[in-house]
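Below you'll find the structure, written out as structure tokens, and then a few comments.
What follows is calculated from the coordinates using simple rules that are stated; it is not laboratory data. No experiment lies behind these values; they were computed from the predicted model shown.
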């Protein structure tokens, strides 16, 4: 489990396609190496991955073809920057919201300003998941815990207002209109919506 607060932004050092998976090598800063063991879960751009090798500050992660198909990691080349967060430890403060690292899907960016003035990000959520997105609700984008400012259920367009610190601490400034971004629906919201829908459906079937 993660908090959705990016702890570092690092470049992809190596990318090696393999049989059924692709290996990515990242150079992690010292604070994120402390206590890191083989098999440890690390959030990379919102995707929960396991550390496969650790060579000083170089850490490799294998991404299965299935994960590549439903996330934007396939768009990440050598030199691309990614958000990194170690998993939460018991008792640690969660400054964002509960993020599982199980990506719901990818959404195209329809508008973005990470420069000056009013900073924001707009994405188009696919129709199947729009019912889980609410104004002032949580939405994780590339592993970042963000608050929904506007949500158009008809078009699926969601607006996220950004603060300069979020832009500084993440890779969001690297993105442009048309790029794909990973999104994860807030789990508790999904459970509540699905439960209410199921109860209503069962009630109507009995009546």
Study note, to complete from the structure: For the chain, the longest principal axis of the Cα atoms and the Cα long axis of helix 187-206 enclose an angle in degrees, to the nearest 10, of 30 degrees
Practice item. Considering only 13, 68, 192, give the residue with the highest GNM mean-square fluctuation for the chain, with springs between Cα atoms whenever their separation is below 10 Å. Key: 192
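Taking N as the number of residues in the stretch 105-194, what is its alpha-carbon radius of gyration divided by 2.2 N^0.38 Å?
Working: Rg = 12.3 Å, N = 90, 2.2 N^0.38 = 12.2 Å.
After normalising by residue count via 2.2 N^0.38 Å, the value is 1.01.
If you take the alpha carbon radius of gyration of the chain and divide it by 2.2 N^0.38 Å, what ratio comes out, to two decimals?
Values: Rg = 17.8 Å, N = 207, 2.2 N^0.38 = 16.7 Å.
Taking the Cα Rg and dividing by 2.2 N^0.38 Å, one obtains 1.07.
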Check your understanding: Per-residue ellipticity at 222 nm for the chain, helices alone: DSSP H runs ≥ 4 residues times -39500 (n - 2.57), over residue total, nearest 500 deg cm²/dmol?
Key -> -5000 deg cm²/dmol
Study note, to complete from the structure: Of the convex hull drawn through the C-alpha atoms of the stretch 107-146, the volume per residue in Å³ is 87 Å³
**Study point:** Dimensions (Å) - the stretch 48-90, Cα atoms, principal axes, largest first
**Key:** 30, 25, 18
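Send over the per residue convex hull volume for the stretch 1-91, Cα only, as a whole number of Å³. List each step's numbers first, then the result.
Working: hull volume 8.6 nm³, N = 91.
Spelled out: Cα convex hull of the stretch 1-91, divided by residues, is 95 Å³.
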